[in-house]
Amino acid sequence: MAITQKTDICFQCGKERITTKTYKEYVNGSLVTTTQSVCSDSACQKRTEDLIKKDKARRDEAAMNRYQFGNRKSVKGQIPKS
Ligand SMILES: [Zn+2]
């Protein structure tokens, strides 16, 4: 399996992102390479982290609501890889 290495660009500011950590893990039985990266602009990276935090809080809340209100049809959303 060939993995094409391409430059990671920040979706916020378009600057290059710096890879901080690369690790391999099994997801559903297949080995995937997960890369963690941060924006080269630290101020932007902070904004991005805040956004991710807010987004996660919103998703947790939605999941909680689904749990509380029972059998609502859940909409399959795309979960961005962080
Ligand atoms: Zn950025």
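Every number here is computed from the coordinates shown, using simple stated rules; none is lab data. None of these values were measured; they are calculated from a predicted model. Glycine also receives a Cβ, built like all others from the backbone with ideal geometry; neighbour counts cover every protein chain displayed.
Here's a check for you: in the range 38-67, which residue that is in a helix (DSSP H, G or I) and of a type in the set (Val, Ile, Thr) is farthest from Phe11 (Cα to Cα)? Before the answer, list the steps.
At the first step, the residues of the range 38-67 found to be in a helix (DSSP H, G or I) are 42-67.
Subsequent filtering for residues that are of a type in the set (Val, Ile, Thr) retains 48, 52.
Numbers: Thr48: 9, Ile52: 12 Å.
Out of the qualifying residues, it is Ile52.
Looking at the range 4-57 only, could you name the residues that are surrounded by 10 or more Cβ atoms within 10 Å (Cβ to Cβ) and among the hydroxyl-bearing types (Ser, Thr, Tyr)?
Answer for the range 4-57, where residues must be surrounded by 10 or more Cβ atoms within 10 Å (Cβ to Cβ) and among the hydroxyl-bearing types (Ser, Thr, Tyr): Thr19, Thr22, Thr33, Thr34, Thr35, Ser37, Ser40, Thr48.
Out of all the residues in the range 34-59, which are among the β-branched types (Val, Ile, Thr) and within 8 Å of the ligand (Cβ to nearest atom)?
Thr48
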